[in-house]
């Protein structure tokens with residue numbers, strides 16, 4: 001009899017958890033898929049594509065929110081720890097320093113701490129830069145990971161209150177992000193030599 005009640009309680013908890021997760025997830029979802037980079041993002045968010053020959057650069061935001069999500073995926077192939085170390089030195093570390101400098105220019109001193117998350121199912125390293133601007137606390141959370149042999153850098157930033165409301169959108173983007181390695185172009189089949 002005890003097992004029957006435990007199973008019913010477990011089912012109730014799982015049902016409530018499922019409804020809670022569904023209530024927190026964004027409603028209608030849009031899908032971005034271009035040049036091997038794909039991810040989902042909630043309806044109501046505006047996507048701005050600033051990609052170039054070196055990298056895919058996309059910004060996501062809402063007119064009614066100060067929270068923003070930035071996605072940067074370098075087009076170069078990164079398939080060894082040595083290449084990842086070079087990428088970190090070449091553009092990840094300078095990006096973190098530049099973001100920190102923006103806080104300084106705005107009159108805030110950012111506190112830096114290490115952070116981790118999951119991006120596309122892979123563990124990602126990161127840093128959190130926390131600061132208070134005019135008494136309004138916020139942060140820039142910057143994460144990087146190799147996905148599909150390309151380096152992806154995702155940033156989630158804004159005031160704390162806006163970030164809290166935008167967390168379901170952030171989770172949708174980072175959890176759905178995938179990068180498909182470019183496929184080699186097929187060589188055309190040789191044409192048969194005409195007989196004389």
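The values are calculated or read from the model by the stated rules, or taken from the named source; none is laboratory data. Just so you know, these numbers come straight off a predicted model, no measurement behind them. With ideal geometry, Cβ positions are generated from the backbone for all residues, glycine too; neighbour counts draw on all protein chains shown.
Pull out all pairs, ordered by first then second residue, where Cβ-Cβ is under 7 Å, the residues are six or more apart or on different chains, the first lies in segment 155-171 and is on the phi > 0 side of the Ramachandran plot and in contact (Cβ under 8 Å) with a residue 60 or more places away in the chain, and the second is surrounded by 18 or more Cβ atoms within 10 Å (Cβ to Cβ) and in a strand (DSSP E or B).
158/68; 158/138
Identify all residues within segment 56-90 that are free of Cβ contacts under 8 Å to residues at least 24 places away in the same chain, surrounded by 11 or more Cβ atoms within 10 Å (Cβ to Cβ) and over 26 Å from residue 132 (Cβ atoms); write none if there are none.
56, 57, 80, 83, 85, 86, 90
Residues in segment 65-73: is at least one over 26 Å from residue 140 (Cα atoms) and either outside any helix (DSSP H, G or I) or at pLDDT below 95 (or both)?
no
Go through segment 97-147 and tell me which strands (runs of 3 or more DSSP E), entirely inside it, have 3 or more residues that are surrounded by 13 or more Cβ atoms within 10 Å (Cβ to Cβ) and out of contact with any helix residue (DSSP H, G or I) (no Cβ under 9 Å at 6 or more places or on another chain).
Those strands (runs of 3 or more DSSP E) span 122-133.
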